[in-house]
Each structure stands twice: as C-alpha cells, then as structure tokens.
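The values are calculated or read from the model by the stated rules, or taken from the named source; none is laboratory data. Only a predicted model underlies this, so the values are computations on that prediction, with no experimental measurement involved. Reconstructed Cβ throughout: ideal geometry from the backbone, glycine too, with neighbour counts over all protein chains shown.
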Amino acid sequence: MTFVTRIRLQSGNHPALETVVDEIRSTAERKGAELRGPHSAPPEQLTVPQYKSTTGDESRQFRSWDYTVYTRQLEIVGHNALARRVAEFDFPEGVHVEVELEQIEQMA
C-alpha cells in the first residue's frame, strides 16, 4: 500500500508561504521523495467590513479591510517518514497548514 500525503498551505504573507514551499521542496529533493507540486490556486481577494460599534449599525463603518490569501498544494507520494517530518515543521505564524493522508492500494 502506498500513502499520498496532501499538504495545503494558505497565507496572506506571500514571501513566507514561498519560503515554506521552498523548504518542503528542498527537503523532498534531499530525501529522494516523489513530490508533486506545488500547485497554485488563484489568489483569493477577501473583504471584511469593520464596524465602529458592536451593535452592527451598518451606517457606522470604517473602511473595509481588504487582503489576499495565497494557496499552494503539494503531494508527497510514499515516503511516510518525510511526510511526518514535514507535518511537524515549525511553520511561521500566519501560514495555515492542512495535511491529508490518503491510502492507495496497488492493483494486483
């Protein structure tokens, strides 16, 4: 049985995100693991309204807070020790990480 580990990284800090992706890529290359990606999703533009009071009076607002979220997805095929090591990285603050493990059975 082979395991595929999907790692999804999101951040509003583009340079920090790219640093993490580069670190994962170089670690996989050193270990000789099969790495798919990074796959980039289009940047997501988000807008958050900011109210001047807690009552929700929409006539009293500050300027909306606009920000961009960048997403990268990588897949590590097999090489469970590397996948575990990457999942335990000390990720920078502001980089959101999701790790998903899928078991693939070989056809006989």
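A few points about this structure:
- Residue list for segment 82-104, filter: touching a residue at least 12 places away in the same chain (Cβ under 8 Å), within 14 Å of T5 (Cα to Cα) and either in contact with a Gly (Cβ under 8 Å, 6 or more places away or on another chain) or not β-branched (V, I, T) (or both): L82, A83, R85, A87, E98, E100, L101, E102, Q103
- Boolean, L17 is touching a Ser or Thr at 6+ places or on another chain (Cβ under 6 Å), more than 12 Å from H79 (Cα to Cα) and not basic (K, R): yes
- Test for V77: is it among the aliphatic types (A, V, I, L, M), farther than 16 Å from E23 by Cβ and either under 17 Å from the mean Cα position of the chain (by Cα) or exposed (fewer than 10 other Cβ atoms within 10 Å of the Cβ) (or both): no
- Test: V95 is surrounded by 10 or more Cβ atoms within 10 Å (Cβ to Cβ) and either in contact with a helix residue (DSSP H, G or I) (Cβ under 6 Å, 6 or more places away or on another chain) or within 24 Å of H14 (Cβ to Cβ) (or both): yes
- Members of segment 20-34 that are in contact with a Ser or Thr (Cβ under 9 Å, 6 or more places away or on another chain) and closer than 11 Å to L82 by Cα: A33
- Restricting the first member to segment 1-15 and to residues that are farther than 11 Å from Q103 by Cα, and the second to residues that are β-branched (V, I, T) and at pLDDT below 90, the beta-carbon pairs closer than 6 Å and six or more apart or on different chains are I7/V99.
- For F62, the stated conditions hold: it is free of Cβ contacts under 8 Å to residues at least 40 places away in the same chain and either surrounded by fewer than 13 Cβ atoms within 10 Å (Cβ to Cβ) or of a type outside the set (A, V, I, L, M) (or both).
- Residue that is modelled with the lowest pLDDT, among those in segment 21-46 that are more than 13 Å from the chain's Cα centre (by Cα), surrounded by 12 or more Cβ atoms within 10 Å (Cβ to Cβ) and of a type in the set (G, A, S): A33
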